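Student: Let me begin by handing over the structure; questions about it come next.
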């Protein structure tokens, strides 16, 4: 065939059919892909890059109302000036404002944080005069721990554990890629100065005088140098390194001479007093024992698996060389090991899918074609990890899913080429270069169009916004790259090896009566004719067929409308660790919190799959997952309790972690009821997810109406079947005792009010007066702390018995200067984008269908006449109306499916434009695209039968299937038109074309169904795998009938 009669595909095949470049191209591609697989970082889930920062602005004593209106609101307004900021939340307490600033997904972190720092620097003069300097701390996924090591002991003290972990953490910080090592728990050594109030009053020495004396004595500064020989550096002052030195510091005088510190205060080498505790239990322990946890974070862009492996190796070395025998070290979380296991699991599914596809081709086209497919598929996929490494993606289950998704699609190119080449060889009874080129040329152009359509269906989904967009972005990019590269492979490697490996099984003998390929083909044409003839011959049968399809489609959508099939974000995954988050009443002490923890520990350890529990009381636990809610600036107190629960490895238990979570969640409320506490389960998500199933935000200008609506909403939710716990934010306020200095009495008694405040601060809160200079404590810095002993400061009566000293040197009891004002205290104030908000949370039993769990539809204006119920967006301003807005998981789900809907619309437009240009027709593209909705006839019932929710990745699979279905329809229509050009009548053309393309179309469907469908075996990707397998099965079978019938229906009058 002359070059002028060849299309692009034919010319490429002719040029490279005998070229030595093809084998070199194959080898280079495999080397490129293998290298990328080795060097690309591995994670257990995609990194979601949403820069977030916390800004803490102290304003001591300002009060909640002033902090909220004059500081938090003002600062949030400044932050909204930054164009890339997507949301600002603020919380205000009596003494500080805390802002959570979230930037748009994909914003460069360095730029975002630099803009924030620059903003507050520019507005420093606009802050209240007595407000402190803003502290900006980065937050989000970069702060998530990648590994936790917990040290505990039945006999060793917390101080011993502290010393051991200090040494270990310094060792771990030297490992490349480690961002930081944070320590939770333990006791820090301290030198304690415990004044005796009665002695101070008797000697008329104020606390402030002691603080100034010790701070002044414990100071050494450089004062220059002596230039005489030898040159000598000068240091002035004293370094305190013994208690005897400390005790001999003069702090005042009386009639008998100087008064030394040891005469009015007890001195001891003690520990920093902490209103928090970390405890650990594991199998073999009878109860909880003191513990210290080291939480390791990694630098961005590093291979987490390699970092945690290096950390574990270093920990094991430390265990064998420096760890005392009575101290137990347990790795309580290792995301690197999890990442490696999940990546290898998905890679094994990739290998399984590839072998399945090769096996299908073997059955359909013979072993020679299967060998060609086995060569072609790794080459086609090789570009994907290389592209990931170049673009900064990691290897994780979702990114590898792109390659598995592409298996069925990219093998289609080679299948179509090989099947057509084999058919040409079979008909001619021989093989030749010309036949190979002609066969490639015949199907090459529609294959190019079909691949462009597949890319057109996938790439728009790469522009999904928000966290879900970043979560799935690797799929459209990786799959599109694989499809385009597979097209290049199909036009080069496939003809090259097809010409050399395919064999003509049946000699050409057009007069033979021996049943061969032509006879088998004739039988299949007869079978296909039997199926199509009723619809071609009868208009009534065609319309009945259309009606049945419409009814099947409506029935499928009814499964979603009735919530028989539910919509979700990402599936739950099995994890070896989860959190039980507990919030106790505001007046809870550390003792109360530990009592609750002990009870929970007793109940949790009865669950057979639990192997260890770590308790964090009164402090923030290491971050296993991004926090979903903004806390108060003084949030962490003994009332806050977190338990990290470790399970035995997955292979040693029958239940998944989320099943165990469900069991605990059902009982958690009853467990916590005696303590007046609430709690919920925190899980490491597989992707974007809200920590709480239901989140309702109540807006309104009036706090009382907001609170009343929130209370009513919480009560309503608590009555719903399937709701297992509810809570609110802000929490109830802690009781306050305000000590007001009476200025008139102070003036009369000769006392400066500021001296009273300073005395109270030193007595109750205490102050650090410097660092201890002794070298006995190794790496630990040891503070010198001045504060009354606990027994002298933990009651109102103790405060009343304190004294200060007047300007005349007389001891004055504080009770005579203070007014004691008891009140409930003010709740913290929360705002979202400047609007005041109260939030209600509810946790669901995920095993109960949503219609039974929460009938949110009943929450309408009819039932709530005083509340405006918002589903799509929060109010624009804080007006007088009370508004309830469903946020949290619903808001995230809504945004994801909105973006997916927009992507699907763009895909449909792109497909139509491409088809219109290719076929020079406005009607034919519509006919080709009509089978796309048929995907849902397979997908939705399959989710119902399988018993899983539709997830965002599943909808992505539907969009991808749109390209596959369109691809099959194009091949059918193209062959129909070729048969018409050969002079066949319309009826015979649709039958012959459909029969000829059935085998390659079914082979393609089988490769997608069984090749890409192996994703069903991977829990994180189960919805995507089920969508691909079920959608391609049903839509392909229907397309083989629908397209010929529709084509005949649309063009029968023209043909006549």
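Student: Is the stretch 726-831 rounded, prolate or oblate when judged by the Cα gyration tensor, a ≥ b ≥ c being the square roots of its eigenvalues, rounded requiring a/c under 1.5 and prolate requiring a/b larger than b/c? Before the final figure, lay out the partial values.
Tutor: Values: a/c = 2.33, a/b = 1.01, b/c = 2.30.
The shape class here is oblate.
Student: Using the alpha-carbon atoms, what tilt in degrees (0 to 90, nearest 10) does helix 158-172 show relative to the longest principal axis of the chain?
Tutor: 50
Student: Right, something else. Roughly how many nanometres apart are two label points built 7 Å out from the Cα toward the Cβ at residue 24 and residue 287?
Tutor: 7.7
Student: Mind ranking 727-733, 937-943, 153-159, 676-682 by how tightly packed they are, going by the mean number of other C-beta atoms within 10 angstrom, highest first? Spell out each step's value before the answer.
Tutor: Working: 727-733: 18.4, 937-943: 23.4, 153-159: 16.0, 676-682: 21.0.
Ranking the peptides 727-733, 937-943, 153-159, 676-682 by packing returns 937-943, 676-682, 727-733, 153-159.
Student: I'd like the distance separating the alpha-carbon centroids of the stretch 338-416 and the stretch 937-953, in whole Å.
Tutor: 24
Student: Follow-up question, since we're still on this one. Take 1036, 998 and order them by how many other Cβ atoms sit within 10 Å, fewest up front.
Tutor: Working: 1036 25, 998 17.
In order of increasing Cβ crowding within 10 Å: 998, 1036.
Student: Let me ask something else. Can you give me the relative contact order of the stretch 52-142 as a percent, contacts being Cα pairs under 8 Å and 6 or more apart?
Tutor: On the way: 147 pairs, mean separation 39.1, N = 91.
Relative contact order of the stretch 52-142: 43 percent.
Student: Another question, if that's okay. Please compute the contact order of the stretch 302-429 in relative form: average sequence separation of alpha-carbon pairs under 8 Å and at least six residues apart, divided by the residue count, as a percent.
Tutor: Working: 70 pairs, mean separation 33.0, N = 128.
Normalised by residue count, the contact order of the stretch 302-429 is 26 percent.
Student: Moving to a separate point now. Is the stretch 922-1056 best put as rounded, prolate or oblate by its Cα gyration tensor, with a ≥ b ≥ c the root eigenvalues, rounded for a/c under 1.5, and otherwise prolate when a/b is larger than b/c, oblate when not? If you can, show how the numbers build up before the last one.
Tutor: Values: a/c = 3.12, a/b = 2.33, b/c = 1.34.
Judged from the Cα gyration tensor, the stretch 922-1056 comes out prolate (a/c at least 1.5, a/b above b/c).
Student: Here's something else I'd like to know. Sorting check: for 295-303, 813-821, which peptide has the highest mean count of neighbouring beta carbons within 10 Å, and how do the rest follow? Present the calculation step by step, with values, prior to reporting the outcome.
Tutor: Values: 295-303: 18.8, 813-821: 15.1.
Descending packing order for the listed peptides: 295-303, 813-821.
Student: Any idea how far apart residue 87 and residue 913 come out in nm if each label point goes 7 Å out from Cα toward Cβ?
Tutor: 3.3
Student: Where does helix 304-321 land angle-wise versus the long Cα axis of the chain, in degrees 0 to 90, nearest 10?
Tutor: 50
Student: What FRET efficiency comes out for the pair residue 157/residue 104, r = Cβ-Cβ distance, R0 = 41 Å, nearest 0.05? All intermediate terms of the calculation are to be shown ahead of the outcome.
Tutor: Values: r = 49 Å, r/R0 = 1.19.
That pair, residue 157 with residue 104, gives E of 0.25.
Student: Over the chain, calculate the relative contact order: mean separation of alpha carbon pairs under 8 Å at least 6 apart, over the residue count, as a percent. Could you put the intermediate results ahead of the total?
Tutor: On the way: 1988 pairs, mean separation 180.5, N = 1056.
Over the chain, the number comes to 17 percent.
Student: Where does the chain land at 222 nm, in deg cm²/dmol rounded to the nearest 500, when only DSSP H runs of n ≥ 4 count, each adding -39500 (n - 2.57), divided by all residues? Can you show the working numbers first?
Tutor: Details: 32 runs with 507 residues, N = 1056.
Taking each H run of at least 4 residues, the total per residue is -16000 deg cm²/dmol.
Student: Can I ask one more? Counting every Cα pair in the chain, what percent are over 46 Å apart? Could the numbers behind the result be given before it?
Tutor: Details: 249998 of 557040 pairs.
In whole percent, the share of Cα-Cα pairs in the chain beyond 46 Å is 45.
Student: Still on this model: Using a Förster distance of 45 Å, how high is the FRET efficiency between residue 65 and residue 651, based on the Cβ-Cβ distance and rounded to 0.05? Spell out each step's value before the answer.
Tutor: Values: r = 57 Å, r/R0 = 1.26.
Using R0 = 45 Å, I get an efficiency of 0.20.
Student: Please identify which residues in the stretch 969-994 have an amide N closer than 18 Å to a label point set 7 Å out from the Cα of residue 541, following the Cα→Cβ vector.
Tutor: Under 18 Å, as judged by backbone N against the label point of residue 541, lie 986-994 of the stretch 969-994.
Student: Here is a follow-up. Rank by packing, highest mean first: peptides 26-37, 479-490, with packing defined as the count of other Cβ atoms within 10 Å averaged across residues. Walk me through the numbers on the way to the answer.
Tutor: Numbers: 26-37: 15.9, 479-490: 24.6.
Ranking, from highest mean packing down: 479-490, 26-37.
Student: Residue 721 to residue 122: FRET efficiency via 1/(1 + (r/R0)^6), r the Cβ-Cβ distance, R0 51 Å, to the nearest 0.05? Don't skip to the answer; put the middle values down first.
Tutor: Details: r = 53 Å, r/R0 = 1.05.
So, using R0 = 51 Å, E works out to roughly 0.45.
Student: So how tilted is helix 397-428 from the main axis of the chain? Cα-based, degrees 0 to 90, rounded to 10.
Tutor: 10
Student: Calculate the spin-label point distance for residue 228 paired with residue 999, positioning each point 7 Å from the Cα along the beta-carbon direction, and give it in nanometres.
Tutor: Spacing of the two 7 Å Cα→Cβ label points: 10.9 nm.
Student: By count of other Cβ within 10 Å, fewest leading, how are 136, 360 ordered? Present the calculation step by step, with values, prior to reporting the outcome.
Tutor: Working: 136 17, 360 24.
So the residues, fewest neighbours to most, are 136, 360.
Student: Determine, for 455, 645, the number of other Cβ atoms within 10 Å of each Cβ, and report the residues in order from fewest to most.
Tutor: Numbers: 455 20, 645 26.
With the fewest neighbours first, 455, 645 line up as 455, 645.
The numbers here are math on the coordinates, done by the rules we state, and not lab data. Values in this document were obtained by computation on a predicted structure and should not be read as measured data. Counting neighbours? That spans all protein chains shown, and the Cβs are built from the backbone with ideal geometry, glycine included.
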